[in-house]
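S.K.: Mind having a look at this structure? Questions to follow.
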Amino acid sequence: MQTKFESKVEDITGITCIYVPVNDVYESIQWYQKNLGCQPSDHNEVTPGMKISIMNFPDQNGNLPKPGIRQVVPAIFLMGGGGGASQAAGSLGFTFDNGKRQALACFITPRVQEMYNRFKENGVNIISEIPEDRPCGPNFRFTDPDGNLFELWQP
């Protein structure tokens with residue numbers, strides 16, 4: 001008797017991208033490259049006036065991930081058209097129970113203090129300091145030039 005095994009694919013296998021509303025995609029690309037190390041995919045030519053850009057995080061060898069069924073590192077999908085977070089947050093209601101704004105995404109880093117220092121040096125709008133003795137690991141919150149709120153966390 002032969003045993004038959006069915007392979008099953010889960011309904012959700014990862015996150016492919018985070019949609020971020022921005023006022024100027026071309027300028028935002030420069031900011032995300034400088035501060036988060038993202039690189040634009042080759043889906044769209046980087047030119048002034050562009051309307052969208054997919055930003056990927058390179059691996060330790062500088063290679064950009066390709067989309068797949070088990071996307072490990074999500075991309076940031078910059079979407080032009082104006083408004084930024086001030087418009088989007090009002091309509092989408094990104095808030096905590098205590099009334100504070102909710103970050104669009106939380107990035108993981110093994111070097112939270114180094115990133116904090118880099119952001120400070122680059123003039124990034126840092127919303128919170130790194131708390132001391134936080135049980136789940138240090139973090140801080142910041143915004144991009146369009147006011148989109150993000151968090152950086154070190155497990």
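Each reported figure results from applying straightforward, stated rules to the coordinates on display, with no laboratory input. Being a predicted model, the structure only gives us computed values, none of them experimental. Counting neighbours? That spans all protein chains shown, and the Cβs are built from the backbone with ideal geometry, glycine included.
S.K.: Spelling out what I want: for every residue of segment 109-119, take phi, set θ = phi - 60°, compute 6.51 cos²θ - 1.76 cosθ + 1.60 (Karplus), and round to whole Hz; glycine and proline get x.
M.R.: Rounded to whole hertz, the list is 9, x, 9, 4, 5, 4, 5, 4, 4, 4, 4.
S.K.: Treating the beta-carbon of each Lys and Arg as +1 and of each Asp and Glu as -1, no other charges, what is the dipole magnitude of segment 103-153 about its Cα centre, to the nearest 20 debye?
M.R.: Details: 5 positive and 8 negative charges, 16 e Å.
Roughly 80 debye for segment 103-153.
S.K.: Provide the net charge surrounding I126, with neighbours chosen by a C-beta distance below 9 Å and charges set as Lys +1, Arg +1, Asp -1, Glu -1.
M.R.: My count for the surroundings of I126 gives +1.
S.K.: Let me ask something else about it. Tell me the net charge near N117. Cut-off is 15 Å between Cβ atoms, N117 excluded, with +1 for each Lys or Arg and -1 for each Asp or Glu.
M.R.: +1
S.K.: Using each residue's phi in segment 36-42, evaluate 6.51 cos²θ - 1.76 cosθ + 1.60 at θ = phi - 60° and report the 3J(HN,Hα) Karplus result to the nearest Hz, with x for Gly and Pro.
M.R.: Each residue's phi maps through the Karplus curve to give 10, x, 5, 10, x, 6, 8 Hz.
S.K.: Applying 1/(1 + (r/R0)^6) with R0 = 41 Å to the Cβ-Cβ distance of C136 and F77, what FRET efficiency is obtained, to the nearest 0.05?
M.R.: 0.90
S.K.: Using r as the Cβ-Cβ distance of K120 and N23, and R0 as 30 Å, what FRET efficiency do you calculate, to the nearest 0.05? Working shown, then result.
M.R.: Numbers: r = 23 Å, r/R0 = 0.78.
According to the calculation, E is roughly 0.80.
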